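Right, one structure below, let's go through it.
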Amino acid sequence: MTSQITYEGNLRTVATHLQSGTVIETDAPTDNQGKGERFSPSDLVATALGNCMLTIMGIKARDMNVDLEGTKIDVTKIMVADPRRIGEIKVIFNFPGTLTIDEKQKTILERAAMTCPVIESLNADLKKSVEFNW
């Protein structure tokens, strides 16, 4: 097993990662009867995309002796109706100004990000907008 999830009531869940014991709590969002005091499950999907892309880039960067430390990603999740679902995820990479790499390295890292397991697992109808600010 990967994780175990417990329903705590009031639209809150607690997920425990079994290997590490790390805990993530979720709430339903305020636009869907929740308190919005934690990530919603759909927030986690969008966030997982950014985490995965940056992790895969980090693996490739390490292989190339490039340090991506300090890189930040802004993630925006856009919901749509009928049926209610994530319609678009916007991912904007912001690399530190101290990062000096050439165009070939940028291309390699961008391609790595676009092949992460999460992006490959998301429905083809889900719009994925990705911007790299070098």
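Key figures for this structure:
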{"read-out": "Hey, D74 exposed (fewer than 14 other Cβ atoms within 10 Å of the Cβ), within 30 Å of K106 (Cβ to Cβ) and touching a strand residue (DSSP E or B) at 6+ places or on another chain (Cβ under 7 Å) or not", "value": "yes"}
{"read-out": "Flag if T26 is among the polar types (S, T, N, Q) and out of contact with any helix residue (DSSP H, G or I) (no Cβ under 6 Å at 6 or more places or on another chain)", "value": "no"}
{"read-out": "The lone exception for E8 - which of (1) under 24 Å from L122 (Cβ atoms); (2) assigned to a strand (DSSP E or B); (3) of a type in the set (D, E); (4) free of Cβ contacts under 8 Å to residues at least 40 places away in the same chain it fails", "value": "(1)"}
{"read-out": "Residue match in the range 61-70 (condition: surrounded by 15 or more Cβ atoms within 10 Å (Cβ to Cβ), more than 26 Å from W134 (Cβ to Cβ) and at pLDDT 95 or above)", "value": "no"}
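The values are calculated or read from the model by the stated rules, or taken from the named source; none is laboratory data. Bear in mind that the values here come from a model prediction, so they are computed numbers and not experimental data. When we count neighbours, we look across all protein chains shown, and the Cβ atoms used for this are built from the backbone with ideal geometry, even at glycine.
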